[in-house]
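Have a look at the structure below, then the notes.
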Amino acid sequence: MAIKKLTVGVLLPNSSILPMAKHFSTGLKNGLKELNQELELEIVPEFIGQGSRELAEAAITKLVGFDDADVITGIVSNKVGIDLSEKIANIKRPFIMNNIGEHLPDPEKFNDYMFLNSIHTWQQLWSIGQWGVQTFGKKGMYVSGLYDCGYSFQSMLSAGMESATDGVTMPFAIAPTPNPKETGDIAAVFEHIHIYKPDFILATFCGKEAEIFLTQYVVQGLHKTTPLIGLPFLLEPFTTAEPVEVYTTLSLNRELKQDQLDEVSQVMANPFTQFGFETGLLIAQAVKGQSGKSLQKALAEAAIETARGRVEIAPEFNALQSRVYLVKNTFNGIKGQISRQLIGELETIDIHHEDVQRINSQTSSFWMNPYLGI
């Protein structure tokens, strides 16, 4: 082994929705634990608030200049990661970003020291947009809370819908949020839903707002008339007299069968623990297999097998291996009692698709923080 001590710097954002920083740290330690017998291991956490570029950059400066970190990882959005690409190239330390893929990555702005571990939600939105039109009709509707809409969700959903046929329409409704410290006025989006009468709804609420939305979706009878599609974060516990059906996606790098669905869904229900675990395993493999190579080069060649399938984090693998599956969740409001049915694998796109290139060339959406980091 080439080194006797390894210092891992970790960028950890705050979240009022779930303890993503704690989950990532737990997973990372579990993935790295096999190195404890091989060398002196130091893990240095740096908290970066809501994950802005300024706080992330300051944390990286401290991790390199004071802690002499050999590798830096953590939860940052693709937008912040790309904005920091020049700094990462200058410090010449491997930088492993982890996120759910709320923003499109831009491979032209990556460099040899940047790595990405993600489930590419932007890719999933394209797939369910296409499937929604093919299955339910041309009138899809996007509804969201204020803090869930400032990403690539809407543009990728629209692109997927347009790939299915001509003449699609996709109005949207954003819940007003007069007080940033309180939940939005979720009832307001239902006024627009009833006026528009869409063929299907894509909702990206999470946390307390997801609970309110699902409750009202049933109370207002929409569960009987209007199919609902959402990210897995929509499946928050809620109170209802009747179960609802919610279609969600599941991104894996391998084939999935119905008898594997519950187990894999439970693993991926907490993606930040999984990201941390995978990142730890990849770092451990790279360190143990260096054989004279730099850590950057060893990470670029590293590959592991997990519940998600084969995971590689070099930029050229971004979304190329991903397979998007559609799951129908019959949900009575109790998380432990979700009945899942695998509908099938959806068509999807990778980072080189013309829709991605077109959207990447446009003005980007505005949120810098990683999704759920609010």
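The values are calculated or read from the model by the stated rules, or taken from the named source; none is laboratory data. No experiment lies behind these values; they were computed from the predicted model shown. Neighbour counts run over all protein chains shown; Cβ positions are idealised from the backbone, glycine included. We work out accessible area using only protein heavy atoms, side chains counted, and drop any ligands, DNA or RNA first. Shrake-Rupley method; radii C 1.70, N 1.55, O 1.52, S 1.80 Å.
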Test result for G160, touching a helix residue (DSSP H, G or I) at 6+ places or on another chain (Cβ under 7 Å), in a loop (DSSP other than H, G, I, E, B), surrounded by 22 or more Cβ atoms within 10 Å (Cβ to Cβ) and not charged (D, E, K, R): no
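For the subset of the range 225-243 comprising residues that are of a type in the set (A, V, I, L, M) and part of a loop (DSSP other than H, G, I, E, B), which member is most open to solvent (accessible area, probe 1.4 Å)? If you could, list the steps in order and put the result at the bottom.
Pass one, the range 225-243, residues of a type in the set (A, V, I, L, M): 228-229, 231, 234-235, 241.
Okay, now just the ones that are also part of a loop (DSSP other than H, G, I, E, B), so 231, 235, 241.
Working: L231: 6, L235: 15, A241: 104 Å².
Per the stated criteria, the residue is A241.
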Here are some conditions: (1) open to solvent by 10 Å² or more (accessible area, probe 1.4 Å); (2) closer than 23 Å to P370 by Cβ. F205 meets all but one. Which one does it not meet? (1)
Per the filter on the range 213-224, residues of a type outside the set (V, I, T), surrounded by fewer than 16 Cβ atoms within 10 Å (Cβ to Cβ) and either part of a helix (DSSP H, G or I) or under 26 Å from the mean Cα position of the chain (by Cα) (or both) are K224
Do we have any residue at all in the range 189-200 that's among the acidic types (D, E), outside any loop (DSSP other than H, G, I, E, B) and closer than 26 Å to N332 by Cβ? no
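Quick check on this structure: which one of L28, L35 is surrounded by 18 or more Cβ atoms within 10 Å (Cβ to Cβ), touching a strand residue (DSSP E or B) at 6+ places or on another chain (Cβ under 6 Å) and not basic (K, R)? Before the answer, list the steps.
Numbers: L28 fails: touching a strand residue (DSSP E or B) at 6+ places or on another chain (Cβ under 6 Å).
From the options L28, L35, the qualifying one is L35.
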Within the range 70-95, restricting attention to residues that are under 17 Å from W122 (Cα atoms) and of a type in the set (G, A, S), which residue is farthest from the chain's Cα centre (by Cα)? G81
Kindly provide the set of residues from the range 322-360 that are more than 18 Å from the chain's Cα centre (by Cα) and of a type in the set (F, W, Y), ordered by number. F331
Mind listing just one residue for me: the one in the range 248-268 that is without any contact (Cβ under 8 Å) to a residue 60 or more places away in the chain and open to solvent by less than 70 Å² (accessible area, probe 1.4 Å) and, of those, farthest from F24 (Cα to Cα)? Q260
Per the filter on the range 96-110, residues under 12 Å from the mean Cα position of the chain (by Cα) and open to solvent by 10 Å² or more (accessible area, probe 1.4 Å) are L104
Can you tell me which of P232, P198 is closer than 23 Å to W126 by Cα, at pLDDT below 95 and not aromatic (F, W, Y)? P232
Which listed residue, of K138, K79, K62, K92, is of a type in the set (D, E, K, R) and touching a His at 6+ places or on another chain (Cβ under 6 Å): K79
Residues of the range 343-365 satisfying the condition of being farther than 26 Å from H103 by Cβ and buried (at least 18 other Cβ atoms within 10 Å of the Cβ): none
What number of residues in the range 11-52 are over 18 Å from the mean Cα position of the chain (by Cα) and more than 29 Å from E211 (Cβ to Cβ)? 18
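Yes or no, residue by residue, for (1) out of contact with any Ser or Thr (no Cβ under 7 Å at 6 or more places or on another chain); (2) free of Cβ contacts under 8 Å to residues at least 12 places away in the same chain; (3) under 29 Å from N14 (Cβ atoms):
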residue: Q296; (1), (2), (3): yes, no, no
residue: L320; (1), (2), (3): yes, no, no
residue: T348; (1), (2), (3): no, no, no
residue: T363; (1), (2), (3): yes, yes, yes
